[in-house]
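One structure is given below, encoded as structure tokens.
Read-outs throughout are calculated quantities, based only on the coordinates presented, and are distinct from any laboratory measurement. This one's a predicted model, so the numbers in the text were calculated from it and none came from an experiment. Virtual Cβ from ideal backbone geometry, glycine too; neighbours counted across all protein chains shown.
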Amino acid sequence: KDPNAPEKWRSAYQLFRDDVNQELHGQDIPFSEMSKIHSKRWAELDEDTRMRYFERSKSDKEEYLRRMAEYEEYLDKFYKQDSTVNRVGRPKGAKSTRSKGKSAEQGTATDHYRQTQSPDTDTKHSGAMSTTPSTSSSPPPPPSMSVA
């Protein structure tokens, strides 16, 4: 599960249960008894009040779907950018330029890479490890979204 993804919407019963829990907060009621109270009150709930919970749940779901679409769009942009940033060596899917019998004048992909690097990132001569950050498996949260 992606920790940066929007939180899923709550059902009408979950919203009702949260309201009952707030009402009974501070009382030392065992979980099994609390479950019985929830189900009994839900069964006795009048239709108008029940419909309000369904409407709240429906609006929560619409908000979730809107935020999820924004988040998926953000992920698409992130992974498109990530596929070209911080890549060392040849591009994904490209064939190696090394082959048997290749002349020294033609060079290799590694030679081209070394020629295009600046002296401070050239690990061949300095013996230092590259300071390029590795890509993580989970992207950072988008700047416009708050993590719940």
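For segment 1-66, GluC sites (Glu not before Pro) are listed when DSSP marks them as loop and at most 11 other Cβ atoms sit within 10 Å of their Cβ; the list is 7. Shape class for segment 1-66, computed from the alpha carbon gyration tensor (a ≥ b ≥ c): oblate, with a/c not under 1.5 and a/b at or below b/c.
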